[in-house]
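Since the structure comes first, as structure tokens, the remarks are kept for the end.
The values are calculated or read from the model by the stated rules, or taken from the named source; none is laboratory data. If you're wondering where the values come from, they're calculated on a predicted model, not measured in any experiment. Neighbour counts are summed over all protein chains in view; Cβ atoms, including those assigned to glycine, are modelled from backbone coordinates with ideal geometry. Side chains included, ligands, DNA and RNA excluded: accessible areas come from the protein's heavy atoms. Shrake-Rupley method; radii C 1.70, N 1.55, O 1.52, S 1.80 Å.
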Amino acid sequence: MSTIAAMALLLIAAVCILPFVFDPNDFKPEIVAAVKDKTGRELVLDGELKLSLFPWASISTGKIELSNAPGFQDRPFATIEEGSVKVRLLPLLSKKIEVSRIALKGLVLNLARNKQGIANWSDLTASDDTKTVAPATAAGKQEEQPIATAAPADFEIGGIAIENARINWDDLQAEKHIEIKDFNLNTDEFAFDEPIGIAATLTATDTESKTAHTIKLSTELSVNEQLDSIALVHSDLQVTTSGETVPGKSLTTALAVADTALNMSRQTAKISGLQLKSGDAALSAELTGANIKDKPSFQGPVSIASFSPAKFMQQLGIVLPVMQDANALGKLAVNFDLAATADSADFKNLVMTLDDSQIKGSVGIKNFAQPAIGFLLDIDTIDVDRYLPPADKSSKPIASPAVLLGVGASALPVETLRNLNAEGSVALGRLKVNGLAMQDIQINLNAKNGAVTTQQSIKQFYQGAYSGNLSVDAHGDKPTLAVNEKIDHVQIEPLLKDYRGEARISGIVDATTQLQGQGNKTSELKSSLNGQFSFLVKDSVIKGFNLQKIIDSGKALIKGSALPADAKTDQTLFTEMSGTATITNGVIQNNDLVAKSSKLRVDGKGNINLNSEAVDYKIDAKLLNDEVAATEPEQVKAAIAIDIAGTLDKPSYTIDIASLLTDQNKAKIEKLINKIDKKLGPGVGDLLKNFLK
């Protein structure tokens, strides 16, 4: 006991006397030389070094400056205005390190990366080659053996305090400069397997965008002695972004996590109670991770609570386009099971509510660098018109579903179409778009290597059905489109009323179309359209067009009698209309128009220019004899030629008077022509006949 007391007394005496006989400032040259030898950098110790040994062995410094790496800016790599470290002496005897609070004030770090990607701290972190001791063997050779290392000492730190630090980050390779200022860090006493309170604040400024991010972090950290098990509890991260380009000049995003556990030896992770909130949008998740070092993957349920996308976008400063429904984008809620890796993401069991629509299914993305997208979605009902800008129905051109898809696809940049890699299908119970109502819709998409194909079908389309496909080839400078479509027994009148607000024709139509075109704009597509189509319309009524009245008006002109009065109910009934057409450079040419009714037969031909919507048609209308039996051949009672001009919206009808004269006064005119031949000579009558044809 006396020996121990003597040693203790000797130690106390040394602690008390040493500060008076030992001055650490005398060793500044050796310290500077050692740093130069190990790092090749200059260390400047401007301040006074102060040593204290009781009750702690402590060292405090004034200003310290470490030079930058060669080839970088001529400014210090690091500067510390004031620092201090304290260590308990007695625990050192039992290989236990107890460090009191480490305090750094006025730390400035100037971090940089040059254009070659080399950082100015790379030389400090480079590890030396592992040295080994090679004992001699019987053969005289040496076997490499690892150097024995001492068992790690118990380690405790009373806490870390960094006050008013500043970090400048210059990335010449990415041409980025970020300034971090007002960096403050405070931690509780450190001990293995014990929770450590951590609080940090900083402000990061992007000098290019002049946007500042104020960050606040608080958490409780636990680490085991092997440093392979890490736990975070009650973690809160808040980021407030401000600047002239930020909506409302300030936007706050908050992340809270109840528990985070990382086990590096098992390569597992668990994140519980994750809550992410920005504006009115809030996301929650429960995630587990595997292979987090070798091939990290995470999976778990994710939920986005119901919020207003319109309001959220306004908070982000995004100007919403004018939509037909002012309440559109008023509600969005999403739930899905996430399975993600560093290069892929799968959203399974997806349930999304958008306004009055519910979407279910799955979406997968592989290879983020060149995304390949797969999807399988089921939508109960969606009114697309709610989200479209107001439109004048009367001025909308007639366009089929495949053509609308083609116009939308062609408007995309060619590079986007070339890089699009997607495959999937969408089933819709009810769909409304451009005023058209449809049910039981199926759309399949396949896009890869610049080739995009779609197949779409509508089982309930105005008491009929629709099917079609679209092919887009984006290998050239402009996308090339090919469309094939078919409609079966579709009611024309309700379709036109929904689409354009009025219907001038009714009936049941069957039609097929094959079209090809090229271009990035609608006008280019129209002018390049080539193809063909055929149609058959039954039980049709054409409103505003009374063929019988037109014929009667022609007769009245010849006789000089009064013209038939206009009537709002003017219309022409046909039991059947049919025809085929070819399309060349946007011009539809039809040479076999046939329309029939109990009293009329119409044959016609002409063209429609899709670019100008100009109409140029000539039809021959024949009045049939009412008394002819159904088994007898048709007998013409009267015939007349009619020219149709104008545009699709405003067609005009002109009677060919010559045809009417030839029909009604044939006998008289022939007698007149014979007399003219006798008096004036042969040939003159033939000229008149040609004029009256």
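Going through segment 273-287 one residue at a time, which ones are out of contact with any Asp or Glu (no Cβ under 9 Å at 6 or more places or on another chain), on the phi > 0 side of the Ramachandran plot and part of a strand (DSSP E or B)?
Going through segment 273-287, the residues out of contact with any Asp or Glu (no Cβ under 9 Å at 6 or more places or on another chain) turn out to be 275-287.
Imposing the further condition that a residue be on the phi > 0 side of the Ramachandran plot reduces the set to 279.
If the condition is that a residue be out of contact with any Asp or Glu (no Cβ under 9 Å at 6 or more places or on another chain), on the phi > 0 side of the Ramachandran plot and part of a strand (DSSP E or B), then no residue fits.
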It is to be established whether one or more residues within segment 314-322 are at pLDDT below 90 and not in a loop (DSSP other than H, G, I, E, B).
yes
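Being under 30 Å from Pro371 (Cβ atoms) and open to solvent by 30 Å² or more (accessible area, probe 1.4 Å) narrows it down to one residue among Asp488, Asp473, Asp440; which is it?
Numbers: Asp488 fails: under 30 Å from Pro371 (Cβ atoms); Asp440 fails: under 30 Å from Pro371 (Cβ atoms).
Only one candidate qualifies: Asp473.
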Selection from segment 222-232 of residues that are in a strand (DSSP E or B) and open to solvent by less than 40 Å² (accessible area, probe 1.4 Å)
Ser222, Val223, Ala231
Neighbours by Cβ (under 6 Å, 6+ apart or cross-chain): first from segment 319-333, closer than 16 Å to Leu388 by Cβ; second of a type in the set (S, T, N, Q) and modelled with pLDDT under 90
none
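Out of segment 439-467, which residues are more than 26 Å from the chain's Cα centre (by Cα) and either assigned to a strand (DSSP E or B) or of a type in the set (Phe, Trp, Tyr) (or both)? Reasoning before the result, please.
First, pick out the residues of segment 439-467 that are more than 26 Å from the chain's Cα centre (by Cα): 439-440, 458-467.
Gln439, Asp440, Ile458, Lys459, Gln460, Phe461, Tyr462, Gly464, Ala465, Tyr466, Ser467 - these are the residues of segment 439-467 that are more than 26 Å from the chain's Cα centre (by Cα) and either assigned to a strand (DSSP E or B) or of a type in the set (Phe, Trp, Tyr) (or both).
From the list Lys86, Lys36, Lys63, pick out the single residue that is modelled with pLDDT of 70 or more, open to solvent by 60 Å² or more (accessible area, probe 1.4 Å) and closer than 20 Å to Ile162 by Cβ.
Details: Lys86 fails: modelled with pLDDT of 70 or more; Lys36 fails: closer than 20 Å to Ile162 by Cβ.
Just a single option satisfies the conditions, and that option is Lys63.
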Selected residue (criterion: farthest from the chain's Cα centre (by Cα)) from residues of segment 613-633 that are open to solvent by 60 Å² or more (accessible area, probe 1.4 Å) and modelled with pLDDT of 80 or more
Asp620
What are the residues in segment 347-367 that are open to solvent by 50 Å² or more (accessible area, probe 1.4 Å) and among the charged types (D, E, K, R), if any?
Lys348, Asp356, Lys360, Lys366
Counted residues, segment 511-538 - those being charged (D, E, K, R) and either within 18 Å of Asp477 (Cβ to Cβ) or open to solvent by less than 50 Å² (accessible area, probe 1.4 Å) (or both):
2
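Hey, does segment 496-503 have a residue that's in contact with a Ser or Thr (Cβ under 9 Å, 6 or more places away or on another chain) and in a helix (DSSP H, G or I)? Outline the logic, then answer.
Within segment 496-503, the subset in contact with a Ser or Thr (Cβ under 9 Å, 6 or more places away or on another chain) is 496, 500-502.
When the remaining residues are screened for being in a helix (DSSP H, G or I), the result is 496, 500.
Scanning segment 496-503 turns up at least one residue that is in contact with a Ser or Thr (Cβ under 9 Å, 6 or more places away or on another chain) and in a helix (DSSP H, G or I).
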Among (1) within 17 Å of the chain's Cα centre (by Cα); (2) under 30 Å from Glu244 (Cβ atoms), the one test that Ile373 misses:
(2)
Ser597 versus (1) of a type in the set (S, T, N, Q); (2) open to solvent by less than 60 Å² (accessible area, probe 1.4 Å); (3) at pLDDT 80 or above; (4) under 18 Å from Asp643 (Cβ atoms): which is the lone unmet condition?
(4)
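Restrict the check to segment 503-511 and report whether at least one residue is of a type in the set (D, E, K, R) and under 21 Å from Asp383 (Cβ atoms).
Taking segment 503-511 as the starting set, the residues that turn out to be of a type in the set (D, E, K, R) are 504, 510.
Right, trim to under 21 Å from Asp383 (Cβ atoms) and you get none.
No, segment 503-511 has no match at all.
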Is it the case, given these coordinates, that Asp343 is exposed (fewer than 14 other Cβ atoms within 10 Å of the Cβ), over 23 Å from the mean Cα position of the chain (by Cα) and of a type outside the set (Ser, Thr, Tyr)?
no
As an exercise: evaluate Val636 against (1) open to solvent by 40 Å² or more (accessible area, probe 1.4 Å); (2) touching a strand residue (DSSP E or B) at 6+ places or on another chain (Cβ under 6 Å); (3) at pLDDT 75 or above and give the number of the one condition it does not meet.
(3)
Being under 42 Å from the mean Cα position of the chain (by Cα) and part of a strand (DSSP E or B) is the filter; apply it to segment 585-606 and report the residue that is nearest to Ser528 (Cα to Cα).
Val587
Count of segment 159-177 residues which are open to solvent by 50 Å² or more (accessible area, probe 1.4 Å) and part of a strand (DSSP E or B)
6
Set Asp378, Asp337, Asp385: member being under 25 Å from Leu436 (Cβ atoms), among the acidic types (Asp, Glu) and assigned to a strand (DSSP E or B)
Asp378
Looking at segment 196-207, can you tell me whether even one residue there is open to solvent by less than 50 Å² (accessible area, probe 1.4 Å), within 16 Å of Leu104 (Cβ to Cβ), of a type in the set (Ser, Thr, Tyr) and at pLDDT 85 or above?
no
Taking interchain pairs and intrachain pairs at least six residues apart, which have beta carbon atoms under 6 angstrom, with the first residue in segment 267-282 and under 17 Å from Ile230 (Cα atoms) and hydrophobic (A, V, I, L, M, F, W, C) and the second open to solvent by 30 Å² or more (accessible area, probe 1.4 Å) and in a strand (DSSP E or B)?
Ala269/Leu262
Within the set of pairs 6 or more residues apart or between chains, which connect a residue that is closer than 18 Å to Asn168 by Cβ inside segment 180-206 to a residue that is outside any strand (DSSP E or B) with Cβ atoms less than 7 Å apart?
none
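Would you confirm, using the coordinates I've provided, whether Ala333 is at pLDDT 95 or above, within 20 Å of the chain's Cα centre (by Cα) and aliphatic (A, V, I, L, M)? It would help to see each step written out before you state the result.
Values: at pLDDT 95 or above: yes; within 20 Å of the chain's Cα centre (by Cα): yes; aliphatic (A, V, I, L, M): yes.
So Ala333 fits the description; yes.
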